1. Ignoring solvent entirely, what values of log10 I(q)/I(0) come out of the Debye formula for region 3-120 at 0.10, 0.21, 0.23 Å⁻¹ when each Cα is a single scatterer?
2. When the chain is modelled as a GNM with alpha-carbon springs shorter than 10 Å, which of ALA259, ALA104, ALA309 fluctuates the most?
3. Tell me the label-point distance for the pair ASP344, ALA364, using the 7 Å Cα-to-Cβ offset, in nm and rounded to one decimal.
4. Tell me, what are the semi-axes, in whole angstrom and largest first, of the equivalent ellipsoid of region 285-361 as set by the roots of 5 times the Cα gyration tensor eigenvalues?
5. Rounded, prolate or oblate: which fits region 71-112, taking a ≥ b ≥ c as square roots of the Cα gyration tensor eigenvalues, rounded meaning a/c under 1.5, else prolate when a/b beats b/c?
6. If the chain between ALA263 and THR17 were fully stretched, how many nm would it gain, using 0.36 nm times the residue separation less the Cα-Cα distance?
7. List the relative contact order of region 208-319 as a percent without decimals, with contacts defined as Cα pairs under 8 Å and 6+ residues apart.
8. Can you tell me the dipole magnitude for the chain around its Cα centre, using point charges on the Cβ only (Lys, Arg +1; Asp, Glu -1), in Debye to the nearest 20?
Amino acid sequence: MKISRITLTPIQTHRRTGSISSHLILQMHTDEGLTGLGEISDLDCYRMYMPDIDAVRTGIERVVLGRDPFAIEAMHAELSKYLHNYFASAPSYPPFTPGSQIAAGIDMACFDIMGKAVGRPAYDFLGGKTRDHIEVCYPLFQVKAEGDYDRNLGYIDDLLAQGISRFRYYVGVDFAKDEKFLAALRDRFGDRVALKALDFQARHYWKDTLRAYDRLKQFGFEVIESPSWREDFEGMAQIRRRIEADVSEHASSAAQAMAMIRAGAVDIFNVTVNSGGLVPVRKLVALAELSGIKTLIGTTQELSIGTAAHAHLGASMAELGAASDPVGPLLYAEDVVKERIRFDGNRIVVPDGPGLGMELDEDALESLRAPLVEWDRAAHGAGYVSD
Ligand code: MG
C-alpha cells in the first residue's frame, strides 16, 4: 500500500465560551482506497504566523507520497529533515510547534490507515489495550476580571449537571484573584469538585511559585504544573523537594526529557500527541516509565480525531499517573466526525473501531470550512486568551 495524496481542509469551530479555534483536517489517501484521518489542532496560538496551507500540503506530499503508511519510523526520520523543531530538537515550553503538530497529523493518519487495513484499533499497534477509559479533567481559565468569577462558577454548575466534576485551573496572572476564586469555588461546591492541578504556565520564578503554593494549598489539589521558567529544571527540583503536591511539566523533546530526569525536576511528564505524533510520544512515555516518572496526557484541545489519538495512546499505556487533559469534544460546539468520541462523566471512552475509530462527516467538514487567518474574532491561545 502506498500513500497517494494528501488533502488539508482548514476549518473553524467555536468553544462553548464563544471564542473560535482554527484547525487543519488532514486526509491521507492511499492507492488501495483507504483514507486515514489526522488533525492539526487549535492553531490560533500561531495567529502571527499561520502556515500557508498549499505550502504545507506540498511539503507533506514531498515526504510521504509513495511511502507505505506502516513504515512510520522511516517516515519520521525523513520528516525530521524538513521539520527540525520536533522531538529530536524542540522547545520545552510551549510543548508544541507548527512543525510538531504537522508531524502529528501525518503520524495519526498513518495509524488510522494501519488500523483500517487490518480491522484493528490503533492501540493494537501501540502495545494493546490496558484500559477502557481515560480519566480526564476540564480546564478553568484564569480569573482576570470581576465578571470572570461568576462566569467560571457558572460553568462548573453546568458541568456538574453533566457529570463532570474534575477540573484544572490556570493560575498566575494575579494570585490574589486566584485565591479569591478558589475560595469561592470551595465555598460553593465543597468536595463535589475535585481539583487535579494548578497550572503556573512557566511564568514565575520558582520561589514566587512556592509562595503562591503556600497560600493556595488550603484549597486542595494534587499537582502543580510548569512551576518555574521553561528550562529552569533546577528550580523545579527545588520546589519538588519542598511541597506535597506532584510537580508536572510538559515533555516534548528527547533532550528536554533527559534534562528533567537528570535534574530530578518532576514527578510527572505531561505528554501529548501534538509533540510529533504517537511514535515520538511513545518514546517519551518509555523514558518516563524507565525513570520512575509518572505520566499524564496533555492537550491543546483537539476535535474528536485528535482526542481519539490521545485515547489510543492512553489505552496502551501501562500506567497513567494522574488525570489527563484532553476534553476538546466537550469544549467545542462543532466537530467533523459522524459520531463524536464519547465521554462518560470524567472519562473518555476508548474507541474500539478500526484505526482511530472515527468516521469523517464530509458535510460537516464543508460547512465548517473557513480561512485560517482570522483577526477580528476572539480566539483562545497565547496572547489571545479571551472569554
Ligand atoms: Mg500546561
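1. Results for region 3-120 at q = 0.10, 0.21, 0.23 Å⁻¹ read -0.31, -1.21, -1.37.
2. Result: ALA259 has the largest fluctuation of those listed.
3. Going from the ASP344 label point to the ALA364 one covers 2.1 nm.
4. Numbers: eigenvalues 116, 35, 20 Å².
Ellipsoid half-lengths, sorted descending, are 24, 13, 10 Å.
5. Here region 71-112 falls in the oblate category.
6. 84.6 nm
7. On the way: 132 pairs, mean separation 22.7, N = 112.
Across region 208-319, relative contact order equals 20 percent.
8. On the way: 42 positive and 55 negative charges, 175 e Å.
Using Cβ point charges on Lys, Arg, Asp and Glu, the chain gives about 840 debye.
Read-outs throughout are calculated quantities, based only on the coordinates presented, and are distinct from any laboratory measurement. Quick caveat: nothing in here was measured; it's all calculated off a predicted structure. Here Cβ is always computed from backbone atoms with ideal geometry, including for glycine, and neighbour counts include all displayed protein chains.
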